[in-house]
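Single-structure report; data block below.
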Ligand code: AMP
């Protein structure tokens, strides 16, 4: 029997999300999450999909990532899916920042781990947690490959003139300042799934992917290759997000420091955690924004309009970048579920070849689907993203090559 299981780990600073997949049939055997690691109120939620058993929940302190992963291993073992199984082929780790070094999934050895650690200054919130997850998983199963799958990798194909900021080249080089892009596994998965939906090969289609979750990013994908994306050095650039501002005049920062007396850390926190929808109207959840806007709440209505305006600008910009667009595709929490956002983003873009089938747009479904009328020159689609499956597929492909 060949080992065909892959454990996917997405380690955050105080959480670990995990999925165990069987790549023989791409099925999910178990999924779960540990949150509030290091607090008294840690919580583990485990869904044993393979056995069809009930969802299990564990409450109580889980001290650190090592304890968290051991608790996950115990849950999996209770389902007969222990991590000591010879059927486990690899562990796939989501790693947020791969810098310019990592442009493809990579089997982790000491040197690779050191390199991921050296990228911490570029992703201070994410890479340290990713490193911890890798260390703990390596200690648990040193004998199987641990594979890093980078959020930045899909965007490594951006041309240098697209990736560079128009600043002093020597300063940019010294401090690794350039556009990297994020959500890469999602953009890769969704752009390919969109080609499939259109009955074409990825090489044949040009797609604008709108990944609209709590974080949000757009990408322009030509023939399966990313040519531009909206996030930059960090995930702060681009679209309006749940709590991030997206694009703004960099001079806002100088102004807030000089005139507002704010520190760099305060401005960092303001723009990353207290801006976007939350900053504009007090809610970062699009469901709440839509509900309030529907009731005539002005701040929520304006926040929605700002969100949509930015989206339209990126659709227009990426239409220009690609020249010919075959599909605009919506994905992630907002993109998959918020019909009013899709409706408003596409409205008035008929000259760009975009149109909506309003009934199809309003229907709820978990399946990839077209929401444009047949006559539309550019297809509009909704494609649920699946970053865990993509990480597992990339890791599995690498270790079975
Ligand atoms: P994600 O980061 O992809 O998990 O997306 C999370 C976001 O999706 C949440 O913050 C919500 O704003 C949004 N979301 C989820 N369900 C809906 C829905 N039914 N309508 C509008 N927004 C939704």
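Structural descriptor for region 1-125: relative contact order 23 percent, calculated from alpha carbon pairs under 8 angstrom and at least 6 residues apart. Between 0 and 90 degrees, rounded to the nearest ten: what's the tilt of helix 65-78 against the longest Cα principal axis of the chain? Roughly 70 degrees, rounded to the nearest 10. Residues 219, 14, 263, ranked from the fewest to the most other C-beta atoms within 10 Å, line up as 263, 14, 219.
Mind sorting 20, 256 by how few other Cβ atoms lie within 10 Å of their own Cβ, fewest first? Please list the in-between numbers first.
Values: 20 27, 256 17.
With the fewest neighbours first, 20, 256 line up as 256, 20.
Exposure proxy for 175, 330, 102, 304: other Cβ atoms within 10 Å of each Cβ, ordered fewest to most, give 175, 102, 304, 330. Computing FRET efficiency as 1/(1 + (r/R0)^6) for residue 351 and residue 103, where r is the C-beta to C-beta distance and R0 is 30 Å, gives about 0.25. Bridges between two residues of the chain, per DSSP, are antiparallel at a rate of about 65%. By the gyration tensor of its Cα atoms, with a ≥ b ≥ c the square roots of the eigenvalues, what is the shape of region 227-315: rounded for a/c under 1.5, prolate for a/b over b/c, or oblate? Cα axes put region 227-315 in the oblate bin. Relative contact order of region 308-401, taken over Cα pairs closer than 8 Å and 6 or more residues apart, is 28 percent.
Would you look at the GNM of the chain, springs on alpha carbons closer than 10 Å, and say which of 66, 363, 203 moves the most? Taking springs between Cα atoms under 10 Å, the residue moving most is 363.
Think of it as helices only: each DSSP H run of n ≥ 4 in the chain is worth -39500 (n - 2.57), and spread over all residues that comes to -11000 deg cm²/dmol at 222 nm.
No lab work stands behind these numbers, since they all come straight from the coordinates. None of the values given here were measured: they were computed from a predicted structure. A quick note on method: Cβ atoms are made from the backbone with ideal geometry, for glycine too, and the neighbour counts reach across all protein chains shown.
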